[in-house]
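Working notes, structure below.
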Amino acid sequence: MPQVFSGKVAIAGEKMEDYLQALEETEKAVAPLRTQLTELNGAFEQALLHTVSARTAYKHASVIALFIDFVCWNTDVRRIEEITRGIANSSFRRWYQSKIGDRSESELKTAIKKFFQFLDREKGITNEAVLKSFQTSPRHAR
């Protein structure tokens, strides 16, 4: 199961080279995912321009660009299908609010939802767990 990394890391001075080497190796390992997601985000923004204003398309694409950074820097995910509902929803929103904090939770949720729906409908990349997390369940009568 993919993990989300958070918190602070203390690195001893004599271990700095090891740490930098590990960072470089991680960047190389995640590069294919970052490239794929970045290209898909560009296509997502272009598709949005057909249905919403340029400002709205840019807003959603900007949120997704930060989502890409979050996934690449703060998780061990290496494929889109590995992104869990927790990563796409609560973990990302918590990270976003702590780092940027300029969007409401509903704006973040809308951008992520539209992106994963775009991947499913337009690109044939389906992440069932994330898509199901956006489905509303019927309210039960008491």
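Does VAL63 satisfy being of a type in the set (Val, Ile, Thr), crowded, with 16+ Cβ neighbours inside 10 Å and not in a helix (DSSP H, G or I)? Taking the combined requirement at face value, the residue does not satisfy it.
Mind checking whether some residue in region 88-108 is part of a helix (DSSP H, G or I), under 20 Å from THR35 (Cβ atoms) and in contact with a Pro (Cβ under 7 Å, 6 or more places away or on another chain)? Within region 88-108 (the criterion being part of a helix (DSSP H, G or I), under 20 Å from THR35 (Cβ atoms) and in contact with a Pro (Cβ under 7 Å, 6 or more places away or on another chain)), the answer is no, since none of the residues qualifies.
The single condition from (1) over 18 Å from the mean Cα position of the chain (by Cα); (2) touching a residue at least 24 places away in the same chain (Cβ under 8 Å) that HIS50 fails is (2).
Please enumerate the residues belonging to region 23-34 that are open to solvent by 70 Å² or more (accessible area, probe 1.4 Å) and under 18 Å from ILE64 (Cβ atoms). Before the answer, list the steps.
If we filter region 23-34 for residues that are open to solvent by 70 Å² or more (accessible area, probe 1.4 Å), which is where we start, we get 23-25, 27-28, 32.
The answer is PRO32, and nothing else.
Within region 90-126, restricting attention to residues that are touching a residue at least 40 places away in the same chain (Cβ under 8 Å) and of a type in the set (A, V, I, L, M), the residue that is farthest from PHE67 (Cα to Cα) is ILE125.
Taking the criterion of being open to solvent by less than 30 Å² (accessible area, probe 1.4 Å), in contact with a Lys or Arg (Cβ under 7 Å, 6 or more places away or on another chain) and under 20 Å from ARG78 (Cα atoms), the only residue of region 103-133 that qualifies is VAL130.
Count of region 66-88 residues, restricted to those that are open to solvent by less than 20 Å² (accessible area, probe 1.4 Å) and farther than 21 Å from THR26 by Cβ, is 0. Confirm whether LYS15 is open to solvent by less than 70 Å² (accessible area, probe 1.4 Å), outside any loop (DSSP other than H, G, I, E, B) and among the charged types (D, E, K, R). Taking the combined requirement at face value, the residue does not satisfy it. Any residue in region 39-46 that is at pLDDT below 95 and part of a helix (DSSP H, G or I)? For region 39-46, residues at pLDDT below 95 and part of a helix (DSSP H, G or I): absent.
Against the criterion of being open to solvent by 40 Å² or more (accessible area, probe 1.4 Å), within 14 Å of the chain's Cα centre (by Cα), at pLDDT below 95 and over 20 Å from ARG121 (Cα atoms), TRP95 does not qualify.
The values are calculated or read from the model by the stated rules, or taken from the named source; none is laboratory data. None of these values were measured; they are calculated from a predicted model. Don't worry about glycine lacking a Cβ; one is built from the backbone with ideal geometry, like all the others, and counts go over all protein chains shown. Remember, those area values only see protein heavy atoms, side chains included, never the ligands or the DNA or RNA. Shrake-Rupley method; radii C 1.70, N 1.55, O 1.52, S 1.80 Å.
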